[in-house]
Amino acid sequence: MELNQITQLIMLIQDAKDVGWDFIMEDNMLKAVDSNFGNDPMIFKSEDQLLEWLEDQFDIEHT
């Protein structure tokens, strides 16, 4: 992974945290938990699923 990709990933994660998501590891899987209790937890099963979800959180943060 190149530095620009890592930077983009960090910024997307920051946006997700800004709208209320926390990240935990459970049963060897990455899970996003809504600290506002407005959404069910999200369990990521693939890299593509995680990246798509992060981009959705970016859209929420910047609209």
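So, in segment 47-63, how many residues would count as being assigned to a loop (DSSP other than H, G, I, E, B) and closer than 17 Å to GLN5 by Cα? Full working, then the answer.
Of all residues in segment 47-63, those assigned to a loop (DSSP other than H, G, I, E, B) come to 62-63.
Narrowing the set further to residues that are closer than 17 Å to GLN5 by Cα leaves none.
Adding up the residues that qualify gives 0.
Tell me whether segment 29-44 contains one or more residues that are part of a helix (DSSP H, G or I) and open to solvent by 60 Å² or more (accessible area, probe 1.4 Å).
So far as segment 29-44 goes, no, none of its residues is part of a helix (DSSP H, G or I) and open to solvent by 60 Å² or more (accessible area, probe 1.4 Å).
For segment 1-23, what are the residues that are under 22 Å from GLY38 (Cα atoms) and either touching a Pro at 6+ places or on another chain (Cβ under 6 Å) or open to solvent by less than 70 Å² (accessible area, probe 1.4 Å) (or both)?
Correct list: LEU12, ILE13, ASP15, ALA16, VAL19, GLY20, TRP21, ASP22, PHE23.
The values are calculated or read from the model by the stated rules, or taken from the named source; none is laboratory data. These figures come from a predicted structure and were not determined experimentally. Here the Cβ is made from the backbone with ideal geometry for all residues, glycine too, and neighbour counts use every protein chain on show. Each accessible area value is taken on the protein alone, full model and side chains, heavy atoms only, with ligands, DNA and RNA left out. Shrake-Rupley method; radii C 1.70, N 1.55, O 1.52, S 1.80 Å.
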